[in-house]
Structures are given as C-alpha cells and as structure tokens.
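Here's the structure we're looking at; comments come further down.
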Amino acid sequence: MSLPLGAIAESPWRWEPERQNREADGQGRGRALTFTPCLPRRRDLSASPAQPRGSAAMSHDGAPPVSLEARLRSLMVQGLDGDAAAQTELLRALGGYLRGYFGRRIGATAEVEDLVQDTLIAVHFKRHTYDPGRPFLNWAYSVARYKLMDHFRRTGGRREAPIETAEALFAVDDIEARDAGQDLARLLATLPPRQRSLLRDVKITGLSIQEAAAKLGMSEGAGKVSIHRAMKAMSRRVGRVDG
Amino acid sequence: MSTDDLISRLGASTTAKRPPRVGLLLAAAAAVGALAALALAMAMWGPRHDLPHAVGSMHFWMKAGYALALAAAGLTALERLGRPGERAPIGMMLAGLAVLAVLGLAAHELMILPRGAWMPALKGHSWRVCSLNIVAISGPGFLAAMWALRQMAPTRPRLAGAAAGLMAGGLGAAAYGVACNETAASFLASWYSLGMLAWAAVGAALGPRLLRW
C-alpha cells in the first residue's frame with residue numbers, strides 16, 4: 001500500500017499509512033504515523049547492522065560495520081558473563097524485533113505485548129542454553145517461534161507457525177520504526193500548518209494533489225509548489241541539501 | 001508491567017551463567033542414571049556369577065558397547081536438543097550405527113547357527129524378563145534426564161524426550177549387562193533393544209507435555 005512518492009523517493013523512508021494505531025503518542029497530532037524503513041541494511045543481516053542508538057557515532061568514525069549477529073552475540077556472551085548492562089541492551093534490542101515479528105503474525109496488540117514479554121523472560125532465563133559457538137540470531141528466532149507456537153496452541157487457533165529462517169524475526173525492528181514515527185511527527189511539526197496538512201493528505205492519506213489543495217482553497221499548481229517547498233524544508237532539517 | 005520495566009528488571013537480575021550449565025546438568029543426569037541403574041541391578045540380581053570370566057569375553061563387551069553407544073547417542077542428542085533451534089544429527093547417526101552394527105552381528109550369528117538353534121539363541125533363558133528388567137532399572141535415569149531437559153529449552157520436545165529415554169535406557173542396559181549372562185547377539189539385538197527403546201518411546205510420548213517452557 002505504499003504510494004507513489006515523487007520527491008520523497010530520495011528519502012530513505014517509505015511512508016505507509018499505519019494499520020494499528022499502537023504508536024499514538026498523545027501529542028495531539030491526530031492519527032499517529034508509522035514508517036516502514038526501506039534502507040537495504042535492514043534486510044541484510046550479515047553485512048551491516050541496525051546501529052543502536054548512541055553507538056551510531058562509531059560508524060561515522062569509519063569503524064568497520066559490525067553485523068547484527070556479531071553485535072547481539074557479543075551482548076549475549078557478556079550477559080552470560082554477568083554483565084547486566086549488556087543483558088539489558090540485548091533484551092531491549094530483541095524487544096523491538098519481537099514486537100514486529102509477533103505483530104505481523106497475530107495482529108492483536110495486547111497479545112503481542114504479552115508474547116514479547118513471555119519471550120524476553122524465556123530469553124533471559126534460558127540464556128544458558130545458548131551455545132556461543134552457534135549463530136545467536138537463530139537461537140533467538142527459535143525461542144520466539146516456540147513462544148508463537150505455544151500461543152497458537154493455547155488459543156486453539158492456527159496450529160503451526162511456518163518454519164522460516166532467523167531473518168523472519170530480524171526483518172523489521174519495531175523500536176526503530178517507533179523512533180522513525182516520532183522523528184517524522186517532529187519533522188512535520190516544524191512545517192507551517194497548510195504545508196503540513198497538504199503533505200499529510202497527499203503523502204499519507206493518499207489524496208490527489210488537486211483534492212488536497214481544494215480542501216485548503218488552493219489551486220493544484222499552488223498545492224504542488226507548496227508540497228515541493230515542504231519536502232525541501234524537511235530534507236534540509238534532516239541534513240540533506242539536494243531536496 | 002510494561003515491557004520496558006520488565007527489561008530493566010530482567011537486566012538488573014543478570015548473573016553469570018558460567019561454567020556452561022548444559023554440560024553440568026547432563027553430566028548430573030547421566031551420573032544419576034548410571035549409578036541408580038547399577039545399584040538397582042546389584043540389589044535385585046547381583047553380579048552374574050561368572051563375571052570375572054565374562055569380562056574377558058567378546059559378548060560381554062558387545063553388550064556393554066551396544067548399550068553404552070546408545071547411551072552416548074542419547075546424551076549427545078540431549079546436549080543439542082536441549083537448545084532452541086538445534087538438531088541432533090550426530091546423536092542420531094551414532095544410534096543408527098550402533099543398531100546397524102548389532103543387527104549385523106545378530107545376522108552373522110544366525111547364519112552360522114543351524115536353524116534349530118535360532119530360537120534357543122534368540123530366547124536365551126530370560127527373554128520374558130530382560131526388557132522389563134532394563135525398563136525397571138532405567139526409571140531413575142529417565143526422570144533425571146527429563147529433569148535436566150526441563151532446565152533447558154527444547155524446541156523439539158518429542159525428539160528431546162526420546163533422546164532422554166535413549167540415554168536412560170542405554171545406561172540401564174549397560175548396568176543390566178553386569179547382572180545378565182545371556183551371550184547371543186540376536187538376544188541383544190531384540191530384548192536389550194526393546195528395553196532401551198521402550199523408554200525412548202515413553203520420552204517421545206511425554207515430551208510435548210512434560211517439556212514445555
């Protein structure tokens with residue numbers, strides 16, 4: 001359901017109207033937004049990681065990118081050695097992936113959060129079953145899939161979760177999606193009200209430029225110019241000058 | 001509790017999990033299984049009367065080797081199947097090879113025996129009780145192995161339960177070999193196998209119910 005995006009195609013984000021309103025942040029901006037980030041790194045588990053907040057500076061220094069597998073495995077091993085900070089960071093990182101994984105499979109928000117918590121508890125208390133000589137992502141995925149099947153068994157619904165690879169769990173990080181949604185909300189808030197309304201109607205709701213402009217009593221041409229300016233302004237704010 | 005709170009609490013409760021727990025758990029289960037089976041066998045039947053002589057014979061070590069190979073296969077498989085997402089190719093291969101080897105020995109033995117001697121060799125003098133005796137003295141080992149598995153996180157509970165049964169049955173059969181003076185390979189291939197596989201079948205049947213986590 002992604003929309004043709006014109007100028008925004010150069011942005012790293014693909015915008016999608018959200019399906020569940022889980023991210024509503026109560027900041028009075030109407031419906032909340034989620035993004036599906038479409039940077040290639042998100043699906044490439046071996047090459048480059050989704051950097052944790054706070055450590056992004058490392059990659060800007062030109063340090064070689066660390067794979068998600070290597071990063072999470074190192075946190076896991078530190079946790080096994082009794083490092084509480086590493087264990088907390090690991091659980092936080094996994095929480096985001098788990099929310100996305102379960103959400104895409106069962107949909108209902110409250111149960112998703114229960115499953116995320118069940119799985120995090122299992123990850124924590126069964127962590128001695130991880131063999132550091134084996135892939136961590138596969139271990140974590142197997143725990144998540146077991147909990148999902150357990151959920152299906154208890155609710156008497158679908159009996160089997162399809163057998164997938166660990167990528168199924170690590171495809172989308174909901175922590176980052178949530179952060180991205182907040183980033184977008186903040187960016188939109190910096191625009192003048194008319195530009196903001198136009199942009200939302202056209203890029204998110206999916207109205208034509210003519211319809212969106214008509215709502216504000218503008219001509220289609222004026223609407224186009226206004227949207228172009230809004231995109232340019234937002235691009236400047238995220239540090240891109242080529243709009 | 002919110003997920004963020006949960007993560008903070010779990011993270012704060014982090015303690016070191018070294019040395020590797022899985023190895024310790026399984027070593028404990030195997031020790032319990034072996035010692036309990038040996039103690040029970042000695043208490044119920046005592047060592048076979050010709051033990052000093054038998055220890056020098058091929059058939060004694062064939063029995064011990066077969067039983068211990070299956071126990072080792074079960075233990076190897078447990079060490080993998082107690083971990084999420086793991087399979088147990090080495091354990092399964094080892095078990096398959098042991099069974100094939102003993103079937104081969106039994107076939108060879110039957111080929112060199114006249115037809116009339118087949119049933120006496122197969123039945124020995126204790127075929128009615130052999131399997132049941134092995135099952136009886138393997139019980140503690142089975143419970144210990146299932147207990148160890150419950151401390152782990154098997155995602156294939158049926159296979160993991162079978163591996164627990166195989167390890168316990170193998171240890172029980174090895175202990176029983178100290179008390180039992182049957183010598184035929186065909187006897188070993190049938191009644192010993194049946195006794196060991198009985199626990200594996202029980203483990204496979206109970207695994208999905210007992211090994212949830």
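Things worth noting here:
- Residue under evaluation residue B:95, criteria (1) within 14 Å of chain A (Cβ to nearest Cβ); (2) in a helix (DSSP H, G or I), criterion not met: (1)
- Out of B:136, B:175, B:153, B:168, sole residue that is part of a helix (DSSP H, G or I), under 30 Å from residue B:85 (Cα atoms) and of a type in the set (Gly, Ala, Ser): B:168
- Among the residues of the range B:1-21, those that are at the interface with another protein chain (Cβ under 7 Å from one of its Cβ atoms) and more than 15 Å from residue A:76 (Cβ to Cβ) comprise B:3, B:6, B:8, B:12.
- Residue in the range B:172-195 that is closer than 15 Å to residue B:147 by Cα and among the β-branched types (Val, Ile, Thr) present: no
- Residue match in the range B:49-63 (condition: in a loop (DSSP other than H, G, I, E, B) and either of a type in the set (Val, Ile, Thr) or under 19 Å from residue B:133 (Cα atoms) (or both)): yes
- The set of residues in the range B:1-48 being basic (Lys, Arg) and assigned to a loop (DSSP other than H, G, I, E, B) consists of B:17, B:18, B:48.
- Count of the range A:149-186 residues, restricted to those that are at pLDDT 75 or above and either of a type in the set (Phe, Trp, Tyr) or open to solvent by 70 Å² or more (accessible area, probe 1.4 Å) (or both), is 7.
- All positions within the range B:35-50 that are open to solvent by 40 Å² or more (accessible area, probe 1.4 Å) and not acidic (Asp, Glu): B:35, B:38, B:39, B:40, B:42, B:43, B:44, B:45, B:47, B:49
- Test for residue B:142: is it of a type outside the set (S, T, N, Q) and closer than 16 Å to residue B:162 by Cα: yes
- Failed item, numbered, when residue A:125 is tested on (1) closer than 22 Å to residue B:23 by Cα; (2) without any contact (Cβ under 8 Å) to a residue 12 or more places away in the chain; (3) open to solvent by less than 20 Å² (accessible area, probe 1.4 Å); (4) not small (Gly, Ala, Ser): (3)
- Some residue of the range B:74-93 being touching a residue at least 60 places away in the same chain (Cβ under 8 Å), hydrophobic (A, V, I, L, M, F, W, C), open to solvent by 30 Å² or more (accessible area, probe 1.4 Å) and more than 18 Å from residue B:137 (Cβ to Cβ): no
- Screening B:158, B:128 for residues that are open to solvent by 60 Å² or more (accessible area, probe 1.4 Å) and within 14 Å of chain A (Cβ to nearest Cβ) leaves exactly one candidate, B:158.
- Residue among A:73, A:105, A:92, A:99 that alone is in a helix (DSSP H, G or I), at pLDDT below 90 and touching a helix residue (DSSP H, G or I) at 6+ places or on another chain (Cβ under 8 Å): A:105
- Among the numbered conditions (1) open to solvent by less than 10 Å² (accessible area, probe 1.4 Å); (2) among the aromatic types (Phe, Trp, Tyr); (3) under 30 Å from residue A:141 (Cα atoms), the only one that residue B:147 does not meet is (1).
- Residue that is nearest to residue B:23 (Cα to Cα) [pool: residues in the range B:79-93 that are in contact with a Leu (Cβ under 6 Å, 6 or more places away or on another chain) and of a type in the set (A, V, I, L, M, F, W, C)]: B:81
- Taking (1) within 14 Å of chain A (Cβ to nearest Cβ); (2) within 20 Å of residue B:31 (Cβ to Cβ) in turn, residue B:85 satisfies each apart from (2).
- Residue selected from the range A:130-143 under the condition within 20 Å of the chain's Cα centre (by Cα) and at the interface with chain B (Cβ under 9 Å from one of its Cβ atoms), by the criterion surrounded by the fewest Cβ atoms within 10 Å (Cβ to Cβ): A:141
- Residue B:105 part of a helix (DSSP H, G or I), within 17 Å of the chain's Cα centre (by Cα) and within 20 Å of residue B:191 (Cβ to Cβ): no
- In the range A:91-129, of all residues being touching a His at 6+ places or on another chain (Cβ under 9 Å) and among the hydrophobic types (A, V, I, L, M, F, W, C), the one that is nearest to the other protein chains (Cβ to nearest Cβ) corresponds to A:91.
Yes or no, residue by residue, for (1) among the acidic types (Asp, Glu); (2) at pLDDT 95 or above; (3) over 30 Å from residue A:130 (Cα atoms):
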{"site": "B:134", "(1), (2), (3)": "no, yes, yes"}
{"site": "B:138", "(1), (2), (3)": "no, yes, no"}
{"site": "B:149", "(1), (2), (3)": "no, yes, no"}
{"site": "B:160", "(1), (2), (3)": "no, yes, no"}
{"site": "B:164", "(1), (2), (3)": "no, yes, no"}
{"site": "B:178", "(1), (2), (3)": "no, no, yes"}
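- Qualifying residue in the range B:55-74 (condition: hydrophobic (A, V, I, L, M, F, W, C), touching a Lys or Arg at 6+ places or on another chain (Cβ under 7 Å) and either more than 30 Å from residue A:85 (Cα to Cα) or within 13 Å of chain A (Cβ to nearest Cβ) (or both)): no
The values are calculated or read from the model by the stated rules, or taken from the named source; none is laboratory data. No experiment lies behind these values; they were computed from the predicted model shown. In this analysis, Cβ positions are derived from the backbone assuming ideal geometry, glycine residues included, and neighbour counts consider all displayed protein chains. What goes into the accessible areas is simple: the full protein's heavy atoms, side chains included, and nothing from ligands, DNA or RNA. Shrake-Rupley method; radii C 1.70, N 1.55, O 1.52, S 1.80 Å.
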